[in-house]
Amino acid sequence: MFKRILIANRGEICLRIMRACREMGIETVCVYSTADKDAPYLRLADRAICIGTGPAKESYLNIARIIAAAEIADVDAIHPGYGFLSERPDFSQACRDCKIEFIGPTPEAMAMLGDKVACKQTAKANKVPIFPGSEGAIEDEEEAVGVANKIGYPVIIKAAAGGGGRGMRVCRNEATLRSSIRAAQQEAAAAFGNGAVFIEKFLEHARHIEVQVLGDKHGHAVHLFERDCSMQRRHQKVIEEAPAPGLNPKKREQVCESAARLIRAAKYHSAATVEFLMDQDQNFYMLEVNTRVQVEHPVTEMITGIDIVKATIMVAAGHELPWRQKDITMRGHAMECRINAEDPDKGFRPCAGLITRFEPPGGPGVRMDTHVVTGYTVPPNYDSMIGKLICHADDREQCMNRLARALREFHVEPIKTTIPLHERLMQDGPFRQGGIDIHYLERLLK
Ligand code: ADP
């Protein structure tokens, strides 16, 4: 096992990884920017190294500085968490070049699955259902129109290298498609350094269903069932839960098995998430693969009892996964509310600043993953998520009652957060019934 790990991240996920390491007897090295220099979680690390100033480019996205810190601290491995460098094949490669174990996939597996066009091709070859659309990247307007006529409108144009909900355009007729294709290519080239775009069928009333998978370096891969992340705003997840409400058990087996099959075919090790959209008849189409630990991994941990972060560390150290598929079962229901420092009354504008009162909830079935304490100042430089409240109970109804109770105990002052929004959603009729689509929240907030 590793003796010392560097965590190339910040905030709640940095703390989450540190907690796993401590329980495994592994020393931790945290890197931080000057904007995070007073963050209390840094005191829990065995060593903390400043790697630059607030802007992420100067610190958490700076590969050379992170590798230099890893060499100074003489670590065996680097955990990237999510966001920042976690899905950058060049970072995984830089670790390999320096003989530091990257706790995640190889640069090759990451590059293949991270490219949406290549990923779809591998999916197709392994009988994983994908959206009808272009086989590869679209060259020009005429080709785009040809594909759209074949699959029917509406269609969506996506960047092969896109991410974070950016670089997508929905086209409902030929005129918009013609006027969008060139702009989409230019935009993709500017935003992602790769101008390749492709077209697929656009599904109007979709649910977002994703499957958690784990692979090891010995060719084994298992799935940890699915999550439903349909509660979204601007393609950003707001609430995630497991299992997906109302999912037919046969469909569950099909979607989970196809995700595990894809990961095996990619010779993938570490944690990954295969994302799908599901239509009203519970047909699935793969969207993309995320080659890292996800924000919402705790809901899966709660229903399966498996520590996903520890699993990524074990697998990176060369251990075999200790379970076969039949050993993995789920119990009860779990749901996560992302707590963001945002003002829901002002268009969800981020609210940085000093927190003078932070009282998180507790009690049975409540898990709070956060790096925030009273006296913490939310820096303006990064993502507005300040923590995640996760509840587990025997069934979905009790889980939502528990979350409603926990949210009521939760006090954050004076900055605005999404807590009141979550309180409202816990009482929302259609959501309580289960099976809302990915545009539900935006319709509700209109
Ligand atoms: P990103 O990598 O930017 O997150 P995804 O491919 O995962 O891109 O898509 C993000 C979101 O865009 C999805 O969760 C869904 O809301 C919407 N979307 C993407 N593709 C389709 C599609 N074919 N039909 C309907 N909605 C889609």
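The values are calculated or read from the model by the stated rules, or taken from the named source; none is laboratory data. All values derive from a computational prediction rather than experimental measurement. Virtual Cβ from ideal backbone geometry, glycine too; neighbours counted across all protein chains shown.
Taken over the range 398-446, residues that are crowded, with 20+ Cβ neighbours inside 10 Å, closer than 26 Å to Leu277 by Cα and more than 23 Å from the chain's Cα centre (by Cα) amount to 0. Per the listing Glu174, Glu200, Glu142, the residue uniquely among the acidic types (Asp, Glu) and within 15 Å of the ligand (Cβ to nearest atom) is Glu200.
Among the residues of the range 87-105, write down those that are more than 16 Å from Ile49 (Cβ to Cβ), of a type outside the set (Lys, Arg) and touching a strand residue (DSSP E or B) at 6+ places or on another chain (Cβ under 9 Å). Residues satisfying the conditions are Glu87, Phe91, Ser92, Gln93, Ala94, Cys95, Glu101, Phe102, Ile103, Gly104, Pro105. Residues of the range 94-132 that are modelled with pLDDT of 95 or more, in a loop (DSSP other than H, G, I, E, B) and surrounded by 17 or more Cβ atoms within 10 Å (Cβ to Cβ): Ile100, Ile103, Gly104, Pro105, Thr106, Val128, Phe131. How about the range 272-286: which of its residues are within 14 Å of the ligand (Cβ to nearest atom) and of a type in the set (Asp, Glu)? Of everything in the range 272-286, those that are within 14 Å of the ligand (Cβ to nearest atom) and of a type in the set (Asp, Glu) turn out to be Glu275, Asp279.
The sole residue among Phe2, Phe91, Phe84 that is over 25 Å from the mean Cα position of the chain (by Cα) and either within 29 Å of Met112 (Cβ to Cβ) or assigned to a loop (DSSP other than H, G, I, E, B) (or both) is Phe2. For Ala244, the conditions (1) of a type in the set (A, V, I, L, M); (2) touching a residue at least 60 places away in the same chain (Cβ under 8 Å); (3) more than 12 Å from the ligand (Cβ to nearest atom) all hold with the exception of (2). Reported count of residues in the range 304-344, each being of a type in the set (A, V, I, L, M, F, W, C) and either assigned to a helix (DSSP H, G or I) or within 20 Å of Thr106 (Cβ to Cβ) (or both), is 9.
Among the residues making up the range 429-446, those that are part of a loop (DSSP other than H, G, I, E, B) and within 16 Å of the ligand (Cβ to nearest atom) are Gly435, Ile436, Asp437, Ile438, His439.
Filtered by the rule that a residue be touching a strand residue (DSSP E or B) at 6+ places or on another chain (Cβ under 8 Å) and more than 17 Å from Lys237 (Cβ to Cβ), the range 286-307 gives Met286, Thr291, Ile303, Thr304, Ile306. For the range 256-271, state whether one or more residues are within 16 Å of the ligand (Cβ to nearest atom) and touching a Gly at 6+ places or on another chain (Cβ under 9 Å). No, every residue in the range 256-271 fails to be within 16 Å of the ligand (Cβ to nearest atom) and touching a Gly at 6+ places or on another chain (Cβ under 9 Å). Tallying residues that are β-branched (Val, Ile, Thr) and more than 12 Å from His79 (Cβ to Cβ) within the range 7-29 yields 0. For the range 193-220, a residue qualifies if it is in contact with a strand residue (DSSP E or B) (Cβ under 6 Å, 6 or more places away or on another chain) and free of Cβ contacts under 8 Å to residues at least 60 places away in the same chain, and exactly one does: Phe202. Across the range 213-238, the number of residues qualifying as out of contact with any Lys or Arg (no Cβ under 8 Å at 6 or more places or on another chain) and buried (at least 22 other Cβ atoms within 10 Å of the Cβ) comes to 5.
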